[in-house]
Amino acid sequence: MGMWAFAPWDNDEAADWYGDLMDRTKLRDAWLDGINEEPMDSPGVVRAAGALFVMLGRVYIWPIKTFDEDLERTIAALSRVVESDEYQEAPELIALIDQEIEELKSRRKPSDKTTSTSQRDEKPWWKFWQ
């Protein structure tokens, strides 16, 4: 087995399994239905789809052909969710969604060849919401 890091998806066996899972379940197709809902009409559905991408939207898990496009789609959708009247009434909820957006932005490809340690590298992958 080829392992290149310690996250659960950072090995050949897991990456293949995730790819098969995405293909067999058509998870991305169902996810697209949710993330493409109108954020002003269905902010809860859009946020739920955004949360799914926060959890699974990683290289070696998410379909690589659409990863960058889906990452940007999620950031844009969640940015519109915080503008909904319903969510504007809860500043603490907006702060949480802003954290989710920042987590997603940290997954963008670096604009230069330098490497830096991000905040997400300092905590376990599964502690995003804790």
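The values are calculated or read from the model by the stated rules, or taken from the named source; none is laboratory data. Here the structure is a predicted model, which is why all the values come from computation and not from measurement. With ideal geometry, Cβ positions are generated from the backbone for all residues, glycine too; neighbour counts draw on all protein chains shown.
When you check Ser42 against the structure, is it at pLDDT 95 or above and polar (S, T, N, Q), yes or no? The answer is yes for Ser42. Inspection of the stretch 91-104 identifies at least one residue that is among the polar types (S, T, N, Q), part of a helix (DSSP H, G or I) and either out of contact with any Phe, Trp or Tyr (no Cβ under 7 Å at 6 or more places or on another chain) or free of Cβ contacts under 8 Å to residues at least 24 places away in the same chain (or both).
Test Lys113 against the criterion of being charged (D, E, K, R), modelled with pLDDT under 95 and outside any helix (DSSP H, G or I), and give yes or no. Taking the combined requirement at face value, the residue satisfies it. The set of residues in the stretch 1-26 being buried (at least 16 other Cβ atoms within 10 Å of the Cβ) and touching a residue at least 24 places away in the same chain (Cβ under 8 Å) consists of Trp9, Asp10, Ala14, Ala15, Tyr18, Met22.
Of all residues being out of contact with any helix residue (DSSP H, G or I) (no Cβ under 8 Å at 6 or more places or on another chain) and of a type outside the set (Asp, Glu) in the stretch 19-31, which is farthest from Glu72 (Cα to Cα)? Just the residue, please. For the stretch 19-31, the residue satisfying everything is Arg24.
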